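The values are calculated or read from the model by the stated rules, or taken from the named source; none is laboratory data. Only a predicted model underlies this, so the values are computations on that prediction, with no experimental measurement involved. Glycine gets a Cβ as well: all are built from the backbone with ideal geometry, and neighbour counts include every protein chain shown. Surface accessibility is based on the protein's heavy atoms, side chains included, excluding ligands, DNA and RNA. Shrake-Rupley method; radii C 1.70, N 1.55, O 1.52, S 1.80 Å.
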Amino acid sequence: MKLNVFQLLILFFWPVYSAMAQDNVNMKFGKPTKEEMQMTTYAADPDAEAVVLCRLTDVEYTVQTSSFLADYREKVRIKVLKPSGVRFAKVVVPIQRNISAGDNVRGLKTNGMSLPKPGGSSNSYFEGEGVSMTDGVSDTDGDESVESIKATAFNMEGSKIVKTSLKKSDVVTTKIDEHNYQTEFTVPNVKEGTVIEYEYTIHSQVFWELHDWFAQCEIPVVYAKLDMNIPSYLIFNIEDHGIQRLTYTCTAGSLSFKLDSDPLAKQAQVRTNHYVYVGRNLIGMPKDDYVWNAQDYCAGITAELKQYRLPGMGQMDYARTWEQIDEMILGSDDLGIHLNDRSPLAKELKDAKIAEIADLRERAEAVFNLVMSKVNWNGKYEMSPVPTSETLKNQSGSNADINLLLIQSFNEVGLTAAPVVLRTRDQGLLPYNFPAIRKLSTFIVAVVMPAGANVYLDASSKNGYLNVLAEPLLVEKARLVQKKNKSAWVNLQKISKSQKNTIINAQLAADGTLTGTQTTRYEGLAAMNYRNAKGNSAFAPDVTEEIPFTRKGQVDGNTIKICPFPTIIANNPFSASVRKMPVEFHSLGTHRVVVNITLPEGYVVESNQRNTTIITKDKGLEGRIQTTTGDSRVQLSCQFSINKIVHSEASYADLHQIFDDVIKYTTEELIIKKP
């Protein structure tokens, strides 16, 4: 059968038209549709305060005379549905400056990476004449900048669409630290009903790093697309993740270019890998008190440079094994090579005769107390320490600064100490499928003990104790890096626990007054949090608080009704009918309350006794309730235990029920009656 030209064109373009019709997304910026302007709610989430209608991110590489450039072109359209959605008019764009390719482990000065630069005369990789990419191998530095910013608010005024555009003077760039900056702007005249559009381009000389990209955010996203055209000499490990998954394609492509340094040269081409990731109808992932970093569960990608392939130079591998990363850390100029330096506190440690303490744990405790009496933590978690003499002179520093001083001081008294590198919980999880050098953000200290009974410490835990770490450090995956022994993974979530035990001994009078003493013992993480809240300073395994206890019940004739428990759980944080994300508790722990009541003469307990154990299927959460009566006495106890930090959304109903049962039992009235 013969096809005419029109039929051939239909067959050729039909996949394109079909894709557009299937997405049903307005990708033409500058012209919101009538439906977008008149939209008042988002059907898939009627409670949404705003919705991302379309987000397009294009990543294009270009070749320059002395380097490469990665352009991130971002276009976003948002519909504001409620007054609270006005906050999405503010846009913050993070950028980097003064980044070195040798700065693989963020903040550490390592010799981990060097990259070829364009220019030279030896070997040609590109498909074209007279173009070389191999003029030696050297460290590469790079900056990022935000340019071509456009932002407009579209509002209906009567039957007309009124546009309000962003002024250049409203764009501000601020410095966060040596390497991190942010560019901010707020789209003007945004209110309920506004359609927001903005776009910008990040020019990045840091071409060896791909930005993390998340299709999801706090509000629902109708359509999000990441389109990356990457020269095939840069090979990345790419991990896509999220509760909702993205569709994905990778095809062969090409990139045309011409070097400015040789205006007479012909235009050349380089082969590319063309990646496209698309997310549709994505749910909102708002901030949550029981999730450290919502982006851990958002649909998106994370990448790390794997290989640099250049003919004439061979294949250069940059993907590291964790063992190679260990060597990089141990060889770093600001941390690794100083681990075995003499401590600037050597004289004080010797004068205190700490090395003579036989018990190794007590010796470690003595070192920690001496060091922390000289310096204070400044509240920052960092990876790169300054020289320990400088830390001592300043009398303060980041946890990295002080932890290096601790390691040197432990080694000074005959203990073996080493760094444990990790990524703090608020910054997100390490990738699962490949070592991610640049994701490491800080380190704590391990004092290596016989039989694997290691002790873990950090400068942020001044009011804690051995193996008591602040909650941001309680990660499942941390790496103990050692010079002479094999490095190992450590689950810090099992190291620090929070224990709180309360005993109330009280006498009930016939007028309904319950009086006595409430004694609470805080252990581990609970003890540190208690001291921090009270402004107390001590390095000890526990602390005890004793306070008067008083309750007033209701009296009706010979019947007394009273709730004897202090508040254990104020309210159920899991009151929603469904949950989109897992539940992450701050730490493992147990809260136990025992109430011993002496009854008035002749009175007995009339309430039904409750003896119940409620537990999730995986035993991750447990509640134990018990009532015991005797001659003129009654004992009520409630124990609430968190045996697992992360609980999947599949067990959400069980969590909801356990919290409800504990609240019900500890708030219901005890009925006491005189026959």
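Restricting attention to segment 345-371, the residues that are free of Cβ contacts under 8 Å to residues at least 24 places away in the same chain and aromatic (F, W, Y) add up to 0. The single condition among (1) part of a loop (DSSP other than H, G, I, E, B); (2) open to solvent by 60 Å² or more (accessible area, probe 1.4 Å) that T515 does not meet is (1). Residues that are touching a strand residue (DSSP E or B) at 6+ places or on another chain (Cβ under 7 Å) and on the phi < 0 side of the Ramachandran plot within segment 517-538 comprise T517, Q518, T519, T520, R521, Y522, E523, L525, A526, A527, Y530, R531, listed in sequence order.
In summary, strands (runs of 3 or more DSSP E) completely within segment 555-618 and bearing 1 or more residues that are over 36 Å from the mean Cα position of the chain (by Cα), exposed (fewer than 14 other Cβ atoms within 10 Å of the Cβ) and of a type outside the set (V, I, T) occur at 611-615. Filter segment 273-299 down to the residues that are β-branched (V, I, T) and assigned to a loop (DSSP other than H, G, I, E, B), then identify the one that is least open to solvent (accessible area, probe 1.4 Å). It comes out as V291. Taking T520, is it in a strand (DSSP E or B), out of contact with any helix residue (DSSP H, G or I) (no Cβ under 6 Å at 6 or more places or on another chain), open to solvent by less than 30 Å² (accessible area, probe 1.4 Å) and modelled with pLDDT of 95 or more? Considered against the rule, which asks whether it is in a strand (DSSP E or B), out of contact with any helix residue (DSSP H, G or I) (no Cβ under 6 Å at 6 or more places or on another chain), open to solvent by less than 30 Å² (accessible area, probe 1.4 Å) and modelled with pLDDT of 95 or more, T520 comes out as yes. Total residues in segment 185-225 satisfying the condition of being among the polar types (S, T, N, Q) and surrounded by fewer than 23 Cβ atoms within 10 Å (Cβ to Cβ): the figure is 4. For segment 192-225, a residue qualifies if it is acidic (D, E), within 24 Å of A70 (Cβ to Cβ) and not in a strand (DSSP E or B), and the qualifying residues are E209, D212.
So which residues in segment 434-465 are part of a loop (DSSP other than H, G, I, E, B) and open to solvent by 10 Å² or more (accessible area, probe 1.4 Å)?
Going residue by residue through segment 434-465, those that are part of a loop (DSSP other than H, G, I, E, B) are 434-436, 440-441, 449, 453-454, 458, 462-465.
Within segment 434-465, F434, P435, S441, M449, A453, N454, K462, N463, Y465 qualify.
Per the conditions (1) within 30 Å of A299 (Cβ to Cβ); (2) without any contact (Cβ under 8 Å) to a residue 24 or more places away in the chain; (3) open to solvent by less than 40 Å² (accessible area, probe 1.4 Å), the sole criterion not satisfied by L621 is (2). Reported count of residues in segment 150-191, each being assigned to a loop (DSSP other than H, G, I, E, B) and under 20 Å from F29 (Cα atoms), is 7.
Give the residue that is most open to solvent (accessible area, probe 1.4 Å), with candidates limited to residues of segment 487-505 that are touching a Phe, Trp or Tyr at 6+ places or on another chain (Cβ under 6 Å) and either under 20 Å from I672 (Cβ atoms) or in a loop (DSSP other than H, G, I, E, B) (or both). Among those that are touching a Phe, Trp or Tyr at 6+ places or on another chain (Cβ under 6 Å) and either under 20 Å from I672 (Cβ atoms) or in a loop (DSSP other than H, G, I, E, B) (or both), it is I495.
So for segment 641-661 (the condition being part of a helix (DSSP H, G or I), more than 23 Å from M285 (Cβ to Cβ) and of a type in the set (S, T, N, Q)), does at least one residue qualify?
So the first thing to find is which residues in segment 641-661 are part of a helix (DSSP H, G or I), and the list is 649-661.
Still in the list and also more than 23 Å from M285 (Cβ to Cβ): 657-658, 660-661.
Still in the list and also of a type in the set (S, T, N, Q): 657.
Within segment 641-661, one or more residues are part of a helix (DSSP H, G or I), more than 23 Å from M285 (Cβ to Cβ) and of a type in the set (S, T, N, Q).
Screening D333 with (1) outside any loop (DSSP other than H, G, I, E, B); (2) surrounded by fewer than 14 Cβ atoms within 10 Å (Cβ to Cβ); (3) at pLDDT below 95 gives one miss only, at (1). Filtering segment 466-479 for residues that are within 18 Å of the chain's Cα centre (by Cα), buried (at least 19 other Cβ atoms within 10 Å of the Cβ), in a strand (DSSP E or B) and without any contact (Cβ under 8 Å) to a residue 60 or more places away in the chain leaves a non-empty set.
I'd like to verify a number: residues in segment 613-650 that are hydroxyl-bearing (S, T, Y) and under 24 Å from K673 (Cα atoms), how many? Matching residues across segment 613-650 total 5. Give me the residue from segment 31-70 that is open to solvent by 40 Å² or more (accessible area, probe 1.4 Å) and in a helix (DSSP H, G or I) and, out of that set, farthest from Y233 (Cα to Cα). Among residues in segment 31-70 that are open to solvent by 40 Å² or more (accessible area, probe 1.4 Å) and in a helix (DSSP H, G or I), the one farthest from Y233 (Cα to Cα) is Q38.
Condition check ((1) modelled with pLDDT under 95; (2) within 30 Å of W213 (Cα to Cα); (3) crowded, with 17+ Cβ neighbours inside 10 Å) across all residues:
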position	(1), (2), (3)
A366	no, no, yes
N369	no, no, no
K374	no, no, no
E390	no, no, no
L405	no, no, yes
E412	no, no, yes
Y432	yes, yes, no
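With respect to the conditions (1) at pLDDT 85 or above; (2) not in a helix (DSSP H, G or I), G130 lacks only one, and its number is (1).
Residue-level check: of (1) closer than 27 Å to Y297 by Cβ; (2) in a loop (DSSP other than H, G, I, E, B); (3) open to solvent by less than 10 Å² (accessible area, probe 1.4 Å), M228 misses just (2).
In the condition set (1) modelled with pLDDT of 95 or more; (2) within 30 Å of Y318 (Cα to Cα); (3) not small (G, A, S), K439 is compliant with all but (1).
Among the residues of segment 301-330 satisfying the criterion of being polar (S, T, N, Q) and within 26 Å of T249 (Cα to Cα), which is modelled with the lowest pLDDT?
Just the residues of segment 301-330 that are polar (S, T, N, Q), to begin with: 302, 307, 315, 321, 324.
Keeping just the survivors that are within 26 Å of T249 (Cα to Cα) gives 302, 307, 315.
Numbers: T302: 93, Q307: 85, Q315: 71.
Ranking the candidates gives Q315 first.
Residues that are surrounded by 12 or more Cβ atoms within 10 Å (Cβ to Cβ), closer than 30 Å to W208 by Cα, in contact with a strand residue (DSSP E or B) (Cβ under 7 Å, 6 or more places away or on another chain) and not hydroxyl-bearing (S, T, Y) within segment 141-174 comprise D141, G142, E144, V146, I149, K150, A151, V171, listed in sequence order.
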